[in-house]
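Presented below is the structure to which this report refers.
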Amino acid sequence: MNTIPTTSKNPRIPYTIVGGKKSNKSLSLSPVLSLLVLNRGGRPYKTEYLKHLESLGDVEIISVQGPSSTYDVESLALRFPQVKFLILGKNTTPGEQINIGIMESTGRNVMVFWDDMRPGYRFTERFLNHVDKSEDLCSVPILQSTKYETVPSLMAPSFYGSRLKMISLMPSSNGAATLFPFDYSGIYNKEKFLLSGGFDFNIENHYWQKLDFGFRIHMWGESITFNTGIKIEYLLEQFPEDTTPDKYYKMFYLKNLILRFSGDSAFLSWSKFLPYSMKSGSSLISSVKEYKAVKKWVEINKFRFNCDARQVTNLWEVRE
């Protein structure tokens, strides 16, 4: 098992940056907001898409490119001086791409979305001021399908006995809380995000990676809420996400569901090890290594916790 990251400031994969220098020096990119565009590989009309993003305002644009999609980067960088192309040395999870992209951004806030999505408004001074005043770690947008229908993207946790279940709801109001950013999309406060450690690259399943991030953020006293004034449209049809527990669920489970908070700190008790080992599907030696790695991570971060996963969920039920 890889070491669990305590910060997102030390990326483990190589990458390079191409472009990102404004040709018109009379314009200065906004220090408030950067755009981080993840590449899902489904957008063939990159030129038109980047042209649209540049028309939205004088903000930095970072386009994340996989190692196999770099053939036209040099020509695009010359044509679009507002855009930085972040070229990854190898494929990795969306969460790790976000960690690197936010670290490389110059804006105090970073709007994350995919290349098959499109913001539906300009980044005016009023909009940027509003973004900069938010105290949330992440403000999430209203997402609209290709048919302009609102996507049920408010994710609420609930326990049925010992079993966690996520409930997808329609965003009810401005400021409504959600456990994690649906499809990773939202405006992240750079400073708070980096202090949180970002997304855990050890959890390669996208669903469990997002749940791990969401529970940690709330257990550490931060917030993720809806900003109903922000809308992002899907340009292509989306398909349901696989939520089946797999080997990456184990890491999520250890880091979030069985640790406990008492007094002023969190702890992972060895009394929980035997039940975990019997159900994990790992050998005894592997189970010990997995458990010890998470126990060490909890010990390092124990005073950052304000509550545990059960308390997060109980408070959610009160809010709802």
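The values are calculated or read from the model by the stated rules, or taken from the named source; none is laboratory data. Being a predicted model, the structure only gives us computed values, none of them experimental. Here the Cβ positions follow ideal geometry from the backbone for every residue, glycine too, while neighbour counts run over all protein chains shown. All accessible areas refer to the heavy atoms of the entire protein, side chains included, with ligands and DNA or RNA removed. Shrake-Rupley method; radii C 1.70, N 1.55, O 1.52, S 1.80 Å.
If you go through segment 191-217, how many residues are open to solvent by 30 Å² or more (accessible area, probe 1.4 Å) and within 25 Å of K133 (Cα to Cα)?
So the count comes out to 3.
Among residues belonging to segment 283-311 that are open to solvent by less than 30 Å² (accessible area, probe 1.4 Å) and either basic (K, R) or farther than 23 Å from L195 by Cα (or both), point out the one that is farthest from the chain's Cα centre (by Cα).
Among residues in segment 283-311 that are open to solvent by less than 30 Å² (accessible area, probe 1.4 Å) and either basic (K, R) or farther than 23 Å from L195 by Cα (or both), the one farthest from the chain's Cα centre (by Cα) is S287.
Would you tally the residues in segment 119-139 being in a strand (DSSP E or B) and either open to solvent by less than 10 Å² (accessible area, probe 1.4 Å) or touching a helix residue (DSSP H, G or I) at 6+ places or on another chain (Cβ under 6 Å) (or both)? Give the derivation first.
Here is the first cut: in segment 119-139, the residues in a strand (DSSP E or B) are 119, 138-139.
Subset that is either open to solvent by less than 10 Å² (accessible area, probe 1.4 Å) or touching a helix residue (DSSP H, G or I) at 6+ places or on another chain (Cβ under 6 Å) (or both): 119, 138.
Adding up the residues that qualify gives 2.
Here's the yes/no breakdown for (1) crowded, with 20+ Cβ neighbours inside 10 Å; (2) at negative phi:
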site: M103; (1), (2): no, yes
site: R108; (1), (2): no, yes
site: W114; (1), (2): yes, yes
site: M117; (1), (2): yes, yes
site: P141; (1), (2): yes, yes
site: G161; (1), (2): no, no
site: G175; (1), (2): no, no
site: P181; (1), (2): yes, yes
site: N189; (1), (2): yes, yes
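Let me confirm something: among V73, V83, which residue is open to solvent by less than 10 Å² (accessible area, probe 1.4 Å), in contact with a Phe, Trp or Tyr (Cβ under 8 Å, 6 or more places away or on another chain) and either touching a residue at least 40 places away in the same chain (Cβ under 8 Å) or not polar (S, T, N, Q) (or both)? Give the steps one after another, and end with the answer.
Details: V83 fails: in contact with a Phe, Trp or Tyr (Cβ under 8 Å, 6 or more places away or on another chain).
Selected residue: V73, the only one of V73, V83 that is open to solvent by less than 10 Å² (accessible area, probe 1.4 Å), in contact with a Phe, Trp or Tyr (Cβ under 8 Å, 6 or more places away or on another chain) and either touching a residue at least 40 places away in the same chain (Cβ under 8 Å) or not polar (S, T, N, Q) (or both).
What number of residues within segment 218-261 satisfy the criterion of being assigned to a loop (DSSP other than H, G, I, E, B) and crowded, with 21+ Cβ neighbours inside 10 Å?
Here is the first cut: in segment 218-261, the ones assigned to a loop (DSSP other than H, G, I, E, B) are 220-223, 235-246, 258-259.
Adding the requirement that they be crowded, with 21+ Cβ neighbours inside 10 Å leaves 259.
Residues meeting the conditions: 1.
Do we have any residue at all in segment 144-156 that's buried (at least 19 other Cβ atoms within 10 Å of the Cβ) and in a strand (DSSP E or B)?
Looking for residues that are buried (at least 19 other Cβ atoms within 10 Å of the Cβ) and in a strand (DSSP E or B), one finds at least one in segment 144-156, hence yes.
Could you list all residues from segment 55-80 that are part of a helix (DSSP H, G or I) and either on the phi > 0 side of the Ramachandran plot or modelled with pLDDT of 90 or more (or both)? Working first, answer last.
At the first step, the residues of segment 55-80 found to be part of a helix (DSSP H, G or I) are 55, 73-79.
Once the filter is applied, which keeps residues that are part of a helix (DSSP H, G or I) and either on the phi > 0 side of the Ramachandran plot or modelled with pLDDT of 90 or more (or both), segment 55-80 yields only S55.
Which of the residues belonging to segment 164-203 are in contact with an Asp or Glu (Cβ under 8 Å, 6 or more places away or on another chain) and in a strand (DSSP E or B)?
N189
Just wondering, is there one or more residues in segment 262-272 that are in a loop (DSSP other than H, G, I, E, B) and either in contact (Cβ under 8 Å) with a residue 24 or more places away in the chain or surrounded by 14 or more Cβ atoms within 10 Å (Cβ to Cβ) (or both)?
yes
Kindly provide the set of residues from segment 215-231 that are at pLDDT 95 or above and of a type in the set (A, V, I, L, M), ordered by number.
Those that are at pLDDT 95 or above and of a type in the set (A, V, I, L, M): I217, M219, I224.
Going through segment 273-282 one residue at a time, which ones are touching a residue at least 24 places away in the same chain (Cβ under 8 Å) and either touching a Gly at 6+ places or on another chain (Cβ under 9 Å) or open to solvent by 70 Å² or more (accessible area, probe 1.4 Å) (or both)?
G281
Starting from segment 209-221, keep only residues that are among the β-branched types (V, I, T), then list their pairs with residues that are in a loop (DSSP other than H, G, I, E, B) and open to solvent by less than 10 Å² (accessible area, probe 1.4 Å) whose Cβ atoms are within a distance under 6 Å, requiring at least 6 positions of separation or different chains.
Every condition considered, the pairs that remain are I217/L137.
State all residues of segment 26-46 that are open to solvent by less than 40 Å² (accessible area, probe 1.4 Å) and either hydroxyl-bearing (S, T, Y) or at pLDDT 90 or above (or both); if no residue qualifies, say none.
If the condition is that a residue be open to solvent by less than 40 Å² (accessible area, probe 1.4 Å) and either hydroxyl-bearing (S, T, Y) or at pLDDT 90 or above (or both), then S30, V32, L33, S34, L35, L36, V37, L38 are the ones that fit.
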